[in-house]
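Values in this text are rule-based calculations from the coordinates and carry no lab data. As the structure is a prediction and not an experimental result, all values here were calculated from the model. Note that we place each Cβ from the backbone using ideal geometry, even for glycine, and neighbour counts take in every protein chain shown.
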Amino acid sequence: MADETEALALRLLREIRTAQEAADAKLEAFMAEQRAANAKLESKLDKLNIELAGVKGRVRKSEELLESIARVVSDGAFG
């Protein structure tokens with residue numbers, strides 16, 4: 001009876017180990033997918049930052065232009 005109990009316990013431990021290895025493999029695959037998705041997202045964010053810098057530059061140039069126009073109009077009206 002003790003031998004049978006020991007054999008069942010060992011079998012159960014092997015099944016647990018197999019299930020744990022399968023779970024570890026699934027987790028590793030999921031983590032690899034997440035790392036790939038994060039890399040893609042970082043690349044997109046970098047591109048958006050570059051585009052945003054360009055937009056900010058154009059907005060600043062537009063602001064400078066409007067300030068210049070306002071000065072010319074102001075000087076013309078009072079001048």
**Study point:** Label of the coordinate-derived value, semi-axes √(5λ) of the Cα gyration tensor in Å, listed as (i) 28, 20, 13; (ii) 74, 10, 4; (iii) 38, 14, 9
**Key:** (ii)
Practice item. For I69 and A37, calculate 0.36 nm times their separation in residues minus their Cα-Cα distance, and state this gained length in nm to one decimal. Key: 6.8 nm
Review point. Under unit Cβ charges (Lys, Arg +1; Asp, Glu -1), what dipole magnitude, rounded to 20 debye, does the chain have relative to its Cα centre?
Key: 580
Practice item. Could you state the angle between the C-alpha long axis of helix 2-78 and the longest principal axis of the C-alpha atoms of the chain, as a value from 0 to 90 degrees rounded to the nearest 10? Key: 0
Revision key, fill the gap. CD proxy, 222 nm, the chain: helix-only mean residue ellipticity via -39,500 (n - 2.57) per DSSP H run with n ≥ 4, per residue, nearest 500, stands at -37000 deg cm²/dmol
**Study point:** Two-site FRET efficiency, A53 against K26, from Cβ-Cβ distance with R₀ of 35 Å, rounded to 0.05
**Key:** 0.30
**Study point:** Positive-pole candidate from T5, A25, L66, dipole of the chain, charges at beta carbon
**Key:** L66
**Study point:** Proximal lysines relative to K56, as straight alpha-carbon distance under 22 Å, when same-chain residues fewer than 8 apart are discounted
**Key:** K44, K47
